[in-house]
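Here's the structure we're looking at; comments come further down.
The values are calculated or read from the model by the stated rules, or taken from the named source; none is laboratory data. Everything numeric in this text was worked out from a predicted model, so none of it was measured. Backbone-built Cβ (ideal geometry, glycine too); neighbour counts: all protein chains shown. For accessibility, only protein heavy atoms count, side chains too; no ligands or nucleic acids. Shrake-Rupley method; radii C 1.70, N 1.55, O 1.52, S 1.80 Å.
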Amino acid sequence: MSTLRWYGAGLLAMAVLLVADLAGGPIGADDIDYGISESMWNQLLGLELVTLFLVLPWTVAAAVLALRGHGSAPLLGFAPSAYTTYMYAQYVLGPQYDSYQPVVLLEVALTSGGLLLCLWSWSLARALPAPPTTPRRQRVLGLVLLGLAAFVLLRYLPGLVDTVGQSPIPTEFADAPTFYWSILLLDLGVVVPLTVAAAVAALRGTPAGVRAPYAVLGWFALVPPSVFAMAVVMVANDDPNASVPTTVLLGVASLVFGVAAALVLRRLFGPGRATPADGTDDPARVPARGAESETS
């Protein structure tokens, strides 16, 4: 219980740092000189709107649950922690600062702090009971995760196929190519491999594979809406790189991912999830084949 409370305090500390960063960004005083183009500024504004209205409340809710000793807190807290790591690594690398700025230290703290909280979330989740499951449910979740990995990969597929032809990067990143390559590195080097690994673990029915879909789907419930918000702001501000069809597609994808995440994450609040594990056998292990007749 005391460990969960410390974990909750860590989430609250991350929330405070997020607020501090938002206060100086486009959604706040807008006094941070990122040295970026108008298109990138519009995207940053959309990202910060999602951080304010979705990520921060999620972080605080997970922190409160942790402080109350609820077993769902680590898997819920993984999503905003991973989001923070993913997004603020781009804040450090993308703008191509030509001098030291105080905000860089804040962004580094958010990146490293988010990563530490990700690892802590997973460590705590392994020690806490996971909701009961069935082999059929695990197969469905494994296939869903493979679909999510494919969705991310498809974004880069045309360029990867045409590497010989040297396809140009998207025009909105023309003045900030480091942003694009940092996102590609995170997506193809981290998100896709870890999502595939989670899918394989889920299909195999391992204890880690029972927990992993909650962590991965939580991340997908936060990041695609931020990309959708970027596209919306670009359209609203008549950005020359805006695309209405792309915005609609991202909106539909965000809605689908959000509904899928809600349907899965609600199982974290089932019976027996209010307190940490008491040392009994791990309830996360997938039941024997005979249990497939249970309601999925």
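Take THR206: with every protein chain present and a 1.4 Å probe, its accessible area is about 40 Å². Taking the inverse of the average 1/r across all pairs of different Cα atoms in the chain, what Kirkwood radius in Å do you get? After inverting the mean inverse Cα-Cα distance, the result is 20.0 Å. Reducing the range 7-55 and the range 92-146 to their Cα centroids gives an inter-centroid distance of 18 Å.
Relative to its Kirkwood radius, the Cα radius of gyration of the range 1-159 gives an Rg/Rh of 1.03. In percent, rounded to a whole number, the relative contact order of the range 101-251 is 25, using alpha-carbon pairs under 8 Å and six or more apart. Compared with the dominant principal axis of the Cα atoms in the chain, helix 177-186 is inclined by about 10°.
A simple spin-label model places pseudo-atoms 7 Å from Cα toward Cβ; at THR3 and GLN96 they are separated by 4.5 nm. How large is the helix-only mean residue ellipticity at 222 nm for the chain, computed as the sum of -39500 (n - 2.57) over DSSP H runs with n ≥ 4, divided by its residue count, in deg cm²/dmol to the nearest 500? Helix-only estimate at 222 nm: -23000 deg cm²/dmol.
Each peptide in 12-18, 98-104, 196-202 was scored by the mean count of other Cβ atoms within 10 Å over its residues; highest first, the order is 196-202, 12-18, 98-104.
Taking the charge dipole of the chain about its Cα centre, with +1 at Lys and Arg Cβ atoms and -1 at Asp and Glu Cβ atoms, the residue from THR51, GLY205, SER81 reaching farthest to the positive side is GLY205.
Solvent-accessible area per residue in the chain equals 48 Å², computed with a 1.4 angstrom probe and all protein chains kept. Across the range 83-125, Cα-Cα distances exceeding 13 Å account for 54% of all pairs.
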